[in-house]
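Remarks on the structure that follows.
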Amino acid sequence: MLYREIAETYKKIEGTTKRLEMTDYLVELLKKTPVDIIDKVAYLTQGKLYADYVGIELGLAEKLTIKAVTQATGIAEKRVNEMLRKFGDLGAAVEEALKNKKQMRLFSFESEELTVEKVYENFEKIAKSEGSGSQEKKIKLLVELLNLATPLEAKYIVRTVEGKLRLGIADMTILDALSIAFGESKEMRKIVERAYNIHPDLGFIAKKLAKEGIEGVKNIKIQIGIPIRAMLAERLPSLEEILEKMGGKAAFEYKYDGMRIQAHVGKNGTKLYSRRLENLTSQFPDVVSAINEAFQGEDGIFDGEAVPVDVNTGELLPFQMVSHRRGRKYGIEKMIEEIPVVLFLFDILYLNGEDMTTKPYEERRKALEKWIKRTPRVQLAHRIVSEDMNEIKKFFNKAIEDGCEGLVAKNIGEESIYRAGAREFLWIKYKRDYKVEMADTTDLVVVGAFSGKGRRKGTYGALLMAAYNPEKDRFETVCKLGSGFTDEQLAALPKMFEEYKIEKKHPRVWSELEADYWFVPKIVMEVVGAEITLSPTHTCARDIVEKGSGLAIRFPRFTGRWRDDKSPEEATTTGELVEMYRNQIKKVKE
Ligand code: AMP
């Protein structure tokens, strides 16, 4: 097949913004494409060579592309750069340059025409060549194409090779076109889409359809190693509306604020994919070994959220703390040790050879509970099944205190299948709409401590901190403090607190947390935090702002200042924290 056919279709597509027209042009193209290369044509219309999850991308650096253009056209690099500036895009610049050149050579009988196969082959070699000498090789491969190309073809070749084709054709438009080109009926579109949702590879679907018809597409099954398009959640503005929409009863899960991970565990090893279906396996070797250890079956596909945790306080941390792992090949081991991630699983899509996506939510959850052994690195999403608004609201507060964004409600009816690739009301998310950022430092009293883990073995992992309630003359807990210490300070903590150690919780301390060590309230430390949240766990100002809730400080950090000048009764009071909370409430912007 001639590449000219593709280039001309691109040109027509660029000339319209109407989806229907675009679809028609694609249908025309697909119909005249030989079955053997229909997958390649499908990828090329997306400016790609493979399905995204394969991870092989075109994206030749502009500098190299310019070199190739210079060689192919004989125009000096400086001039090419000028043209690039003028046209704003190298593709258009090349088209123009070649137009001039070809006019001059009109009678040279250069008659070999570019085929799709040839273009794809050279693209593939460009994408795959690495190591020494690869730059020259890539340039050569591109020059070869440009020498054979018409100006129009050259434009699209350059754009594609730079990874900038951008015709604006959505995957769904290609599915439309495929269904029309090879379709027998309207129902087919749905079948094609379902296949794409569980096997998001346009080339694969195109070929199946062209070769085997709709029956072939119906037979596409979930496969370990092929990522499934993620199910997404709708949104409603209040928990009341959510409960009503769910028919008065639903499961409510913590909405973890980390990175979505789809884990495929099979005989040929474990693979991890992001929500956008990129392969993440090499960035999270710790998640790979954790899921391998936790999963007790033969093979399975799991959906979950990976969240970094503070090993000593158990606090969930912002995902940015591990996002620098992305794209790294080296030094990952050290990062893993310092900030491990926990995988919170909330769904199972495949189990021991069986497709689980067609089973209702409760059945999938039961399968998770049965086949996943809980470990420190693999947990199931925290959840309740409830019809009681008070209970749900309390659970929501707890989710926020624990570092989550809110809740995801899940339908528990028979219809609650896993709808790959869909955003519907089977899942409804509810995020908090306000936040209390902490502007001031606080002076808090140490009332207890927790044993350290990992690098902190032998010393304290965190101190239990309290505010003072002058009316009740007692100390009410508000956070676990584990950050802001130097290594020396950490090592010295046990000795320092030795003289205040007591057997049991001090009578003037109100705590519902069981500390490993209890102290006489004496030492005051200056602490800053990121925000104040409502807290079902901590006792500080309980029932004052909201019934059943106290206040907690998130991400507390020691400023380095010991307030020796303050007695524990001069510490920040519970009333002051209530004031801070009320005065600093802010809407959360989306
Ligand atoms: P959003 O990104 O705001 O549309 O929210 C949806 C995202 O929440 C999903 O893509 C997941 O990454 C994440 N998430 C966290 N916890 C859960 C959960 N328990 N169930 C479903 N999604 C969750």
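The values are calculated or read from the model by the stated rules, or taken from the named source; none is laboratory data. This is a predicted model, so every value here is computed, not measured. Note: ideal-geometry Cβ built from the backbone for every residue, glycine included; neighbour counts use all protein chains shown. Calculation scope for accessible area: heavy atoms of the full protein, side chains included, ligands and nucleic acids excluded. Shrake-Rupley method; radii C 1.70, N 1.55, O 1.52, S 1.80 Å.
Might you report the magnitude of the Cβ-based charge dipole of the stretch 310-443 about its Cα centre, with Lys and Arg at +1 and Asp and Glu at -1, to the nearest 20 debye? All intermediate terms of the calculation are to be shown ahead of the outcome.
Working: 24 positive and 24 negative charges, 111 e Å.
Charge dipole, the stretch 310-443, about its Cα centre: 540 debye, nearest 20.
Coupling constants for the stretch 434-448 follow from the phi torsions by the Karplus curve (6.51 cos²θ - 1.76 cosθ + 1.60, θ = phi - 60°), and in residue order they are 9, 7, 10, 7, 8, 9, 9, 7, 10, 10, 10, 9, 7, 10, x Hz; glycine and proline get x. For the stretch 345-390, the set of trypsin sites (Lys or Arg not before Pro) satisfying both a DSSP loop assignment and a count of at most 12 other C-beta atoms within 10 Å is given as Lys373, Arg374.
How would Arg563, Arg166, Arg582 line up by accessible area, probe 1.4 Å, largest first?
Working: Arg563 30, Arg166 180, Arg582 125 Å².
Largest accessible area first, the list is Arg166, Arg582, Arg563.
What FRET efficiency, computed as 1/(1 + (r/R0)^6) with R0 = 22 Å and r the Cβ-Cβ distance, is obtained for Asp487 and Tyr434, rounded to the nearest 0.05? Don't skip to the end; give the middle numbers.
Numbers: r = 37 Å, r/R0 = 1.70.
Approximately 0.05, to the nearest 0.05.
Of the GluC sites (Glu not before Pro) in the stretch 250-304, which ones lie in a loop per DSSP and count no more than 16 other C-beta atoms within 10 Å? Intermediate results must be reported in sequence, preceding the final value.
Values: sites: Glu253, Glu278, Glu293, Glu298; in loops: Glu278, Glu298.
When the GluC sites (Glu not before Pro) of the stretch 250-304 are filtered for loop state and at most 16 Cβ neighbours within 10 Å, Glu278, Glu298 remain.
Against the chain, whose longest principal axis is taken from its Cα atoms, helix 389-401 shows a tilt of about 80°.
Among Lys457, Lys32, Lys334, Lys138, what's the order by accessible area (1.4 angstrom probe), most exposed first? List each step's numbers first, then the result.
Values: Lys457 165, Lys32 100, Lys334 130, Lys138 40 Å².
Result of the area sort, largest leading: Lys457, Lys334, Lys32, Lys138.
Summed over qualifying helices (DSSP H, 4 residues or more, each -39500 (n - 2.57)) and divided by its residue number, the chain shows a 222 nm mean residue ellipticity of -11500 deg cm²/dmol.
Modelled spin labels at Asn390 and Ser323, positioned 7 Å past Cα toward Cβ, are 4.0 nm from each other. Label positions at Asn279 and Glu234, each projected 7 Å from the Cα along the C-beta direction, are separated by 3.7 nm.
In Å³ and rounded to a whole number, note down the convex hull volume per residue for the Cα atoms of the stretch 232-431.
Working: hull volume 22.6 nm³, N = 200.
So the per-residue Cα hull volume is 113 Å³.
Taking Cα atoms only, the orientation of helix 487-497 departs from the longest principal axis of the chain by about 20 degrees. Taking the alpha carbon gyration tensor of the stretch 442-589, multiplying each eigenvalue by 5 and rooting it gives semi-axes of 24, 17, 14 Å, largest first. Toward the positive end of the charge dipole of the stretch 1-87, with +1 on the Cβ of Lys and Arg and -1 on the Cβ of Asp and Glu, the farthest Cα among Leu60, Leu26, Ala72 is that of Ala72.
Exposure check, 1.4 Å probe, all protein chains in place: Ile291 carries approximately 0 Å² of accessible surface.
Helix 361-371 sits at what angle to the longest principal axis of the chain, using alpha carbons and giving 0 to 90 degrees rounded to 10? So the inclination is approximately 70 degrees. Projecting the Cα atoms of Ala530, Asn219, Asn147 onto the dipole axis of the chain, where Lys and Arg carry +1 and Asp and Glu carry -1 at the beta carbon, places Asn147 farthest toward the positive end. Here the 3J(HN,Hα) profile of the stretch 567-583, calculated from phi with Karplus coefficients 6.51, -1.76 and 1.60 at θ = phi - 60°, is 7, x, 6, 9, 5, 4, 8, 4, x, 5, 5, 4, 4, 4, 4, 5, 7 Hz, Gly and Pro shown as x. Database remark: amide H of Asp347 closer than 5 angstrom to the amide H of Asp303 (H placed geometrically; neighbours at sequence offset of 5 or more, or on other chains; Pro and chain starts carry no H). For Glu298, the residues whose amide H sits under 5 Å from its own are Asn352, ignoring neighbours fewer than 5 places away on the same chain, with H placed 1.01 Å from N.
Take each peptide in 496-502, 7-13, count the other Cβ atoms within 10 Å of every residue, and average; sorted highest first, the result is 7-13, 496-502. Computed with every protein chain present, the accessible area of Trp518 is close to 20 Å² [probe 1.4 Å]. Converting phi to 3J(HN,Hα) with the Karplus coefficients 6.51, -1.76 and 1.60 and the offset θ = phi - 60°, the stretch 403-408 yields x, 9, 7, x, 10, 10 Hz in sequence order, with x at every glycine or proline.
Which FRET efficiency value, to the nearest 0.05, do you get for Lys586 and Ala170 by plugging their Cβ-Cβ distance into 1/(1 + (r/R0)^6) with R0 = 35 Å? Between Lys586 and Ala170 the formula returns 0.45.
Could you give log10 I(q)/I(0) at q = 0.06, 0.07, 0.13 Å⁻¹ for the chain, computed by the Debye formula over C-alpha point scatterers of equal weight, without solvent? For the chain at q = 0.06, 0.07, 0.13 Å⁻¹, log10 I(q)/I(0) is -0.45, -0.59, -1.27.
Lys271 contributes about 80 Å² of solvent-accessible surface, heavy atoms of the protein only, 1.4 Å probe. The Ser132 and Glu293 beta-carbon pair, evaluated with R₀ = 41 Å, returns a calculated FRET efficiency of approximately 0.55. Ranking Thr375, Gly304, Thr281 by how far each Cα lies toward the positive end of the dipole of the stretch 232-431 (charges on Cβ) leaves Thr281 at the top. Shown for the stretch 204-357: lysine pairs separated by 8 or more places, or found on different chains, whose C-alpha atoms are under 25 Å apart, numbering 13. Across the protein chains, with a 1.4 Å probe defining accessible surface, the residues Asp355, Asp299, Asp487, Asp388 rank Asp487, Asp388, Asp355, Asp299 from largest area downward.
Proximity of backbone amide H atoms, modeled 1.01 Å from N, is registered between Gly448 and Leu464, Phe519 at under 5 Å, excluding neighbours fewer than 5 places apart on the same chain.
Rounded to the nearest 20 debye, the dipole magnitude of the chain is 1280 debye, with +1 charges on Lys and Arg beta carbons, -1 on Asp and Glu beta carbons, and the Cα centre as origin.
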